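The values are calculated or read from the model by the stated rules, or taken from the named source; none is laboratory data. Everything numeric in this text was worked out from a predicted model, so none of it was measured. So basically every Cβ, Gly included, is an ideal-geometry build from the backbone, and we count neighbours across all protein chains shown. The accessibility values were calculated without ligands, DNA or RNA, using every heavy atom of the protein model including side chains. Shrake-Rupley method; radii C 1.70, N 1.55, O 1.52, S 1.80 Å.
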Amino acid sequence: MKRVYVIGGGAAGFFCAINLAKKNPSYKITILEKTTKLLSKVLISGGGRCNVTNQCFEISDLIKNYPRGSKELRSVFSKFAPQDTIDWFEQRNVKLHAEVDKRMFPVSNNSQTIIDCFLDEAKKYGVAIQTKADVREIKNQDGKIVLSIIVNDTNAKDLIADAVVVTTGGFNQEKAYGFLQATGHTIVKPLPSLFTFNIPNNDITQLMGLSVPNAKVKVVSTNYMFEGPLLITHWGFSGPAVLKLSAYAAEYFHQKSYESQINVNWLNKEYEEIKHAVEQLQKQQYKSLPKNTNVFVLPKRLWEHLLIKADLNNDKPWSEITKKSINKLVEVLFADAYTMRGKTTFKEEFVTCGGIELKEIDFKTMQSKKMTGLYFAGEVINIDGITGGFNFQAAWSTAWLAANSI
Ligand SMILES: Cc1cc2nc3c(=O)[nH]c(=O)nc-3n(C[C@H](O)[C@H](O)[C@H](O)COP(=O)(O)OP(=O)(O)OC[C@H]3O[C@@H](n4cnc5c(N)ncnc54)[C@H](O)[C@@H]3O)c2cc1C
C-alpha cells in the first residue's frame, strides 16, 4: 500500500487524487487543504459557470495559448488533451457544451456541477480530505517524503508519504513559495498575467462598450503584438487582443511598471492597403461627408471619433479634404497611439505567471528532478494560459499525468 498526499484542494489537486484513487484502490490518498474551502477557484471560475476547457483539438494550436510552458505541454497534451477532458466529465454524467468562441462549460452553466462531480468521485474512490491542514515543510528522509503541517492553525504534525503531489496553485508573493524553494527548487518570480490596459485621461474611454472584431494591438518599439477583438472600456482597452498581449508581454510590462506606448491598428490591415482604401473612398464618395461614409464598418461613434482625431469631422465633403488630412486619417486607422498607464485585473481572473522552474520537472511524469517522489501539477508550475479554459486544461492534464505516473 502506498501513502500519497496531495497538497492543495483545488482543481489540479482533486483531479489528481480522483484519477489516482480510481486506478489504485489500495493506495491511501489524502488531499491536504490549508483553508476551510475546497475548490474555491472552480466555484468562481468563468463567472460562476466554470470554463472547463476549450474546443481546440489540434495540439499544435492548443499550445499556442500558453505564453509560458507551451513546449513542455506538447508532450503532456499528447497524453491528456481537451477531448479527454470532455470524455472524462461525460463518463461522469457531466456534459460540456461549447460556445461560438470554443470555450466549453458544463451544460448546467453552473460551476457547482463540476464541484459536485469532484466531491462525489472523491467519496466514491475513498479519497480522504483534510481541511485546515497547512503544509509548511517538505523533506526527503530515508526514501520517504516527510510533510510538516499545521492543523487547525495550532497543532504541528509530521506526515510520512511515498509520494507527494504539490497542487498549491499560484501565489502573488514570491515569499509564499518559500516552503517549495526550501526543497531545492527554483521559483520564477510571480507576476500578473491576463490584465486589461488603463488609458487614463483619454477621450477614447467615452466610447466604453464599443468593440471592433479584428484589431491589432502593438507595444511600440517591441515585437509584441496581437490581433483579435478589441473592447473599449471606461478605463481603457480590454478584449482578447489585449489579454493575449498582457500575457505574452507580462514580464516586459512589469519591467516598465505598466507604462507603455501602445498602437492600435483598428482595421488590422497593412498601411498601404488602408491608404489605398481611404484614397478610393475619397474618389468614389467625393460629394459625401466623411462621417456618412463608414465603409470600414467600424462602430459609428468610433468612426466619428477617429475622424475627429484626424481633424476630419467637419462639414466638408471628401472632395475638399486635403492630402495632409487623408494621411493623418490613414495614420490614425493604422497606428492610433495611446499611453498605457497601469493595468486592471480581468474580471477578477487573477492568473500568475511564474512558479516552479520548468527545467526542474520531468514532463514525462510530472516528477521533480530535484526530489524523488515529489510531483507537481497545476498553476504552481511556471505555466499559464490565456483566457478561454486553457488554465484549467493545463491543470487537468498535468494532474492526470502525475496521477498516472504515480
Ligand atoms: C476569478 C477566476 C476565474 C477563473 N476562471 C477560469 C476559467 O473559467 N477557466 C480557466 O481555465 N481558468 C480560470 N481561472 C484560472 C484557474 O482557476 C486556475 O488556473 C486553476 O484554479 C489552477 O488550479 P490549481 O489546482 O493549480 O490551483 P488552485 O485552484 O488555486 O488550488 C490550490 C489550492 O491549494 C491550496 N494551498 C495552497 N498552499 C497550500 C499549502 N501550503 N497547504 C495546503 N493547501 C495549500 C489553496 O488554498 C488552494 O485551495 C480563473 C481564475 C480566477 C481567479
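First check a/c for the stretch 295-335, with a ≥ b ≥ c the square roots of the eigenvalues of its C-alpha gyration tensor; if it is under 1.5, answer rounded, and if not, answer prolate when a/b is larger than b/c or oblate otherwise.
Because a/c hits 1.5 or more and a/b fails to exceed b/c, the stretch 295-335 counts as oblate.
Report the chymotrypsin sites (Phe, Trp or Tyr not before Pro) located in the stretch 1-107 that are in a DSSP loop and have at most 16 other Cβ atoms inside 10 Å of their Cβ, or state none.
Sites meeting the loop and neighbour criteria: F57.
Plugging the Kirkwood radius over Cα pairs into Stokes-Einstein for the stretch 318-376, at a temperature of 37 °C and a viscosity of 0.692 mPa s, what D comes out in µm²/s? Mind dumping the intermediate values first?
Numbers: Rh = 17.2 Å.
Rounded to a whole number, D works out at 191 µm²/s.
Pick from V165, V107, V146: which residue has the top mean-square fluctuation in a GNM of the chain where Cα pairs under 10 Å get a spring?
Answer for the Gaussian network model of the chain: V107.
How many Å² of accessible area per residue for the chain, probe 1.4 Å?
Using a 1.4 Å probe on heavy atoms only, each residue of the chain averages 46 Å².
Under 10 Å, Cα contacts only: if you run a Gaussian network model on the chain, which one of A337, A161, A277 comes out with the highest mean-square fluctuation?
Result for the chain, Cα springs under 10 Å: A277 fluctuates most.
Determine the relative contact order of the stretch 1-109: mean sequence separation of Cα pairs under 8 Å and six or more apart, normalised by residue count, in whole percent.
Averaging sequence separation for qualifying contacts and normalising by length gives 24 percent for the stretch 1-109.
Computing the accessible area with a 1.4 Å probe over protein heavy atoms, can you report the carbon and sulfur percentage for the chain? The partial results should precede the final answer.
On the way: 9080 of 18530 Å².
For the chain, the apolar C and S fraction of the accessible surface comes to 49 percent.
Using only the Cα atoms of the stretch 40-179, construct the convex hull and provide its projected area averaged over every direction, in square nanometres to one decimal. It would help to have the intermediate numbers written out before the result.
Details: hull surface 44.2 nm².
The orientation-averaged projected area of the Cα hull of the stretch 40-179 comes to 11.1 nm².
Using helices alone, I'd like the mean residue ellipticity at 222 nm for the chain: each DSSP H run of four-plus residues gives -39500 (n - 2.57), total over residue count, nearest 500.
Per the formula, -9000 deg cm²/dmol.
Lysine pairs, Cα distance under 17 Å, 8 or more residues apart or cross-chain: how many in the stretch 58-210?
Going through the stretch 58-210 pair by pair, I get 6.
Given Cα pairs under 8 Å that are at least 6 residues apart, what percent is the relative contact order of the chain?
The normalised contact order for the chain reaches 23 percent.
Restricting things to alpha carbons, tell me how big the chain is in terms of Rg and Dmax, in Å.
Cα radius of gyration and Dmax of the chain are 25.3, 88 Å respectively.
If I take all pairs of Cα atoms in the stretch 147-208, what percentage of them are more than 18 Å from each other?
61
Placing one identical point scatterer on every Cα of the stretch 264-340 and ignoring solvent, what is log10 I(q)/I(0) from the Debye formula at q = 0.11, 0.21 Å⁻¹?
-0.23, -0.90
Specify the residue with the greatest mean-square fluctuation among C56, C353, C16, computed from a Gaussian network of the chain linking alpha-carbon atoms under 10 Å apart.
Checking each option, the largest mean-square fluctuation is seen for C56.
Could you go through the stretch 62-74 in sequence order and give the Karplus-derived ³J(HN,Hα) for each residue, using 6.51 cos²θ - 1.76 cosθ + 1.60 with θ = phi - 60°, rounded to whole Hz, and x for Gly and Pro?
Karplus values, whole Hz, x for Gly and Pro: 4, 5, 5, 8, 10, x, 10, x, 4, 5, 5, 6, 3.
Would you please classify the overall shape of the stretch 194-236 from the alpha carbon gyration tensor, given that a ≥ b ≥ c denote the square roots of the eigenvalues, rounded means a/c under 1.5, and beyond that prolate means a/b larger than b/c while oblate covers the rest?
Verdict is oblate for the stretch 194-236.
By its C-alpha gyration tensor, with a ≥ b ≥ c as the square roots of the eigenvalues, how is the stretch 271-394 shaped: rounded for a/c under 1.5, else prolate for a/b larger than b/c, else oblate?
The shape class here is prolate.
What's the Cα-based Rg to Rh of the stretch 198-327, Rh via Kirkwood? Please report the intermediate quantities before stating the final value.
On the way: Rg = 16.0 Å, Rh = 15.9 Å.
That ratio is 1.01, to two decimals.
Any chance you could count the Lys pairs in the stretch 243-297 whose alpha carbons are under 18 Å apart, treating pairs 8 or more apart or on different chains as valid?
Here the count comes out as 4.
Distance between the C-alpha centers of the stretch 28-72 and the stretch 184-200? Whole Å please.
17
How many angstrom separate the Cα center of the stretch 108-138 from the Cα center of the stretch 272-321?
When both Cα centres are located, 58 Å separates them.
Take the alpha-carbon positions of the stretch 169-258, form their convex hull, and give its projected area averaged over all directions (one quarter of the hull surface) in nm². Walk me through the numbers on the way to the answer.
Values: hull surface 29.4 nm².
Dividing the Cα hull surface by four gives the mean projection, 7.4 nm².
For E357, tell me the accessible area in Å² from a 1.4 Å probe, rounded to the nearest 10.
The value for E357 is about 40 Å².
Give me the number: length gained by fully extending K132 to S221, i.e. 0.36 nm times residue separation minus the C-alpha to C-alpha distance, one decimal in nm.
In short, 27.1 nm is gained.
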